[in-house]
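The next block holds one structure in the form of structure tokens; read it before the comments.
The values are calculated or read from the model by the stated rules, or taken from the named source; none is laboratory data. Keep in mind the model is a prediction, meaning the values are calculated, not measured. Every residue, glycine as well, gets a Cβ built from its backbone with ideal geometry; the counts of neighbours run over all protein chains shown.
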Amino acid sequence: MNFPFFKKRSASWANLDAFEGRESSAGIHINENVALGIPAVFACVRVLTEAIASLPLLTYERFDNGDKDRARSFSLFRLLHDSPNPLMTSFELRELLVGHLCLRGNAYCYIERDQGEVVALWPLHPDKVNVELSGRALVYKHQADGVEKVYPMEDILHIRGLSADGIIGYSPLTLLRDCFGYSKAVQEYSSSYFRNDASPGGILTTPNALNSQSHANLRDAWTGGHAGKGKHHKVAVLDNGLQWQSVGVSPQDSQLIESQKFSVVEIARVFRVPLNLVMDYERSTYSNVTEQNRSFLTHTLQPWLTRIEQAMMKSLLTEAEKEKYFIEHLTQGFLRSDTKTRYESYKIAIESGFMTVDEVRQLENMNSLPEPGTRVYAF
């Protein structure tokens, strides 16, 4: 079977805005490569894609008494947990899809079926997919090497971000181009400023008159004795009325630094990523990092996880299968606290009778104990 989804991209994109970029108010065209060239954007996208892709994605079987168990014998379990197609791992596919959601607001997969059973998921690039409403159904048109293929909605897994019409999600590259453009402009200005800056690190003054040769000799002697590896902070001996005056951070430098900080905060705000996760620890302490991680899961990751789970439930399970199975991310590992706190919590859980010793051992990635008595509740 031919899979056009991984073929080399041609120059004729379905969405030229995404390829060429739309101009921001700062005068910079924003496309995927430009946006990812902004360190804060790249950091936020990496945080989101890697955090979500690293969470186990499990298919469960539900029972009449309310219990659930991992549906390892169900074909979809391995597809979502291990490998969605012969070319990708589960981590790689979900990392790709979340990256598409972060920058384009939509993620698509072609659902390959064999006699009604889902056997593979193949990602489609959002810039090459057009979505049309036909009656009460959606039609997906995919461009690959100049050939358009039309798919019914049953053959496409479509995960949407924030949407105005429920059909396609907003593209952050378009909607937030001014925010990205400002950050890119600050980045480019900073590079130009430091490349062309002629501000001295310090000034040597003397009451004596100096000719051009004396100027050069004095500068070379000072630089030779105090600049370079192993020469910093050496004691300087000044004679003949010489005085050294250090040039501190200029107002322009300070303003530039503040602009850079603001652009990082603005982008982190857009992606709802805590600053400590993009390596900005200025406002973080060890005690509040744990709470920030909990908030990150609740307010940032959970909406994305719910979108992914519900889209997969809708597109990958038949109506009969939905009665028996459901798809869910395992998030407990993300909230792991320190060892002492976990063990104290386990002690309370076992003594209160709502967890067994073996259930605790499973949370710690340990095998069950062989003695049957350890599988009962302790009081």
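Looking at region 315-347, which of its residues are surrounded by 11 or more Cβ atoms within 10 Å (Cβ to Cβ) and farther than 30 Å from ILE156 by Cβ? Steps first, answer last, please.
Residues of region 315-347 surrounded by 11 or more Cβ atoms within 10 Å (Cβ to Cβ): 315-318, 321-322, 324-331, 333-337, 341-347.
Those that are surrounded by 11 or more Cβ atoms within 10 Å (Cβ to Cβ) and farther than 30 Å from ILE156 by Cβ: GLY333, LEU335, ARG336, SER337, THR341, ARG342, TYR343, GLU344, SER345, TYR346, LYS347.
Show me the strands (runs of 3 or more DSSP E) found entirely inside region 49-166 where at least 2 residues are touching a residue at least 60 places away in the same chain (Cβ under 8 Å). Break it down stepwise before answering.
On the way: elements: 57-62, 68-70, 106-114, 117-124, 129-134, 137-144, 147-152, 156-160.
In region 49-166, the matching strands (runs of 3 or more DSSP E) lie at 57-62, 106-114, 117-124, 129-134, 137-144, 147-152, 156-160.
Here is a check on your reading of the model: is ALA40 modelled with pLDDT under 95, buried (at least 20 other Cβ atoms within 10 Å of the Cβ) and not in a strand (DSSP E or B)?
Working: modelled with pLDDT under 95: yes; buried (at least 20 other Cβ atoms within 10 Å of the Cβ): yes; not in a strand (DSSP E or B): yes.
Answer is yes for this residue.
Mind telling me which of the residues LEU133, LEU173 ends up being under 22 Å from the mean Cα position of the chain (by Cα) and assigned by TED's automatic domain parsing to the domain that holds LEU317? Spell out how you get there, then give the answer.
On the way: LEU133 fails: under 22 Å from the mean Cα position of the chain (by Cα).
One residue alone meets the criteria, LEU173.
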Matching residues, region 167-184, being assigned to a helix (DSSP H, G or I), within 14 Å of ARG104 (Cα to Cα) and not hydrophobic (A, V, I, L, M, F, W, C): PRO172, THR174, ARG177
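So if I check each of ARG136, ARG78, ARG104, which one is over 20 Å from THR59 (Cβ atoms), surrounded by fewer than 19 Cβ atoms within 10 Å (Cβ to Cβ) and of a type in the set (Lys, Arg)?
Values: ARG78 fails: over 20 Å from THR59 (Cβ atoms); ARG104 fails: surrounded by fewer than 19 Cβ atoms within 10 Å (Cβ to Cβ).
Answer to the check: ARG136.
Hand me the list of helices (runs of 4 or more DSSP H) wholly inside region 290-357 holding 3 or more residues that are more than 20 Å from PRO56 (Cα to Cα) and of a type in the set (A, V, I, L, M, F, W, C).
Values: elements: 302-316, 319-324, 339-352.
Once the helices (runs of 4 or more DSSP H) in region 290-357 are filtered for at least 3 residues that are more than 20 Å from PRO56 (Cα to Cα) and of a type in the set (A, V, I, L, M, F, W, C), what remains is 339-352.
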